[in-house]
Every structure is written in structure tokens, then in C-alpha cells.
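Notes follow once the structure below has been shown.
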Amino acid sequence: MADKDAIRTRLWDRLERDGIARFPFPPHGRISNFDGARAAAERAMALPELASAAAVKANPDAPQLPLRRRLLKNGTTVYMAVPRLAEAACFVELDPAELSDLDAAPTVSHMDDHGTRLGPDALPKLDAIVVGSVAVDASGARIGKGEGYSDLEYAILREFGLVDDDTTTVTTVHDTQVVEETLTTDAHDVPIDVVCTPTRTIRTDAGSKPAGIDWSALDEARREEIPILDRLAP
């Protein structure tokens, strides 16, 4: 088992050293954009879970922008989280039937200009979840950039009955981000069902997903920063 921070640093260094990283730079400290992100998005759109999806929650990061655009152009309503879940209406709905610019709408800088902010209780049941990753292994274990918001967003959606164990989780990464070692995960970490790289589609045997919010993993500061947690706190 390797240390998460060591794996992140190793992969960020390699993406930069080998010229794989794409804007924004540097790749460190973020869900890094990569050469081939569009090809990975096309591979993901070939998945029946996304090709037929009516509603998908997607992360706001740069490498998944091509996939968010493809989903909208396919007629899928995309939901993106408000940065750091800082508002009670913590998701932005992007309904392609209501949008005039399907390219600009799913960018993190313009989603509020085009979309509608909603609380989780106004969202439909979701067909799939798209997440960004720094590293993933063949079993579906995932490492993000270390802030935990992606897992918390899933947990909030689960608390509202909008996702369950059968809701497919998809990530797009560069081939170098699929690591050979077994990644260490915690109980609140959401596993990945399908990994799409520019050259491969990997279906994992990820198994069950977190049943809701792991309150023991949230400190008081995090609880105070996220208004929706007040409604869910035990």
C-alpha cells in the first residue's frame, strides 16, 4: 500500500515531466488536464450508462470538460456542484434544452451564467456520476486531489436518495494515471465502476459504495462551511 500524497506527487511530476499535462498549469494540486482528454471523453460516451443517461452529476475540472460538453450535446442534463458546496443551493443544473451555448455552459467559470442553482431536493434521480481522478487502480479504487469534496458530494446525493450502489461512477484519466499498485482507500471514498483513458475502457469490480455521509470524517470547520450539512446532521 502506497501513501496517497506520495502517489499524487509522483503522478503530477510525471504528467509535467513527460509533457502529458495540459492547461491549466502546473498539474500539481488539481485534477490535472491531460493530452487525450477528448479521446477519453469519446470513449466514455460510448458507455451505455452515459449514452442513454437523462441526468448526470459531473465534476467541474478541466479534463472532464470535453465529456460534460458531449453529455449536453447528447441531450443529457448535467449537474455540477457549487465550488466547495458553499451554498445551500449547492448544485447547478445545466439543461441542454434551456441553454444557448453548450460549449460555455459546462465550464466552471460560466456555469452560473447559464445554469440554475438548486438544492439536492430539487434534483432528479441520477443515472451516472462523472468524477475526476489523480490516480485509479484496476479495482476501481481512486485518489482525488485530497480535498474530499467529490466523495462528500456523492454522500450528500446518497442521503437524498438520488444515487445508490447501482449508480455508475465513471472517471476519465490518462493511461499513466492507472496505477499498478493497490491504492489505499477509506470507508467514505467512492469507488469507480468504469475507467476511460484515451486508449482503454476498464470495467472494475468496485462493489458497494458509501451509504451516506461519514460524519466521523468531518471536522467542525468543514461542517460550518457547508450549509446543506445542517439539514442532514444527525
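The values are calculated or read from the model by the stated rules, or taken from the named source; none is laboratory data. Here the structure is a predicted model, which means the values were calculated and not measured. For neighbour counting, all protein chains shown are included, and Cβ atoms are generated from backbone atoms with ideal geometry for every residue, glycine included. SASA here: full protein model, heavy atoms, side chains in, ligands and nucleic acids out. Shrake-Rupley method; radii C 1.70, N 1.55, O 1.52, S 1.80 Å.
Scanning the stretch 197-208 turns up no residue that is closer than 23 Å to Pro120 by Cβ, at pLDDT 95 or above and buried (at least 18 other Cβ atoms within 10 Å of the Cβ). Considering the stretch 28-49, and only residues there that are assigned to a loop (DSSP other than H, G, I, E, B), touching a residue at least 24 places away in the same chain (Cβ under 8 Å) and not hydrophobic (A, V, I, L, M, F, W, C), the residue that is surrounded by the fewest Cβ atoms within 10 Å (Cβ to Cβ) turns out to be Gly29.
Beta carbons closer than 8 Å, at least 6 apart along the sequence or on distinct chains, pair a first residue in the stretch 218-231 that is aliphatic (A, V, I, L, M) with a second that is not in a helix (DSSP H, G or I) for Ile226/Ala86; Ile226/Cys90; Ile228/Ala88; Ile228/Cys90; Ile228/Gly119; Leu229/Ile213; Leu229/Leu218. Within the stretch 82-105, the residues that satisfy the criterion of being part of a helix (DSSP H, G or I) and either free of Cβ contacts under 8 Å to residues at least 24 places away in the same chain or more than 16 Å from Leu67 (Cβ to Cβ) (or both) are Pro83, Arg84, Leu85, Ala97, Glu98. Every condition in (1) assigned to a helix (DSSP H, G or I); (2) out of contact with any Leu (no Cβ under 8 Å at 6 or more places or on another chain) holds for Leu229 except the one numbered (2).
The set of residues from the stretch 1-27 being open to solvent by 60 Å² or more (accessible area, probe 1.4 Å), under 20 Å from Gln64 (Cβ atoms) and either touching a Phe, Trp or Tyr at 6+ places or on another chain (Cβ under 7 Å) or among the hydroxyl-bearing types (Ser, Thr, Tyr) (or both) comprises just one member, Arg22.
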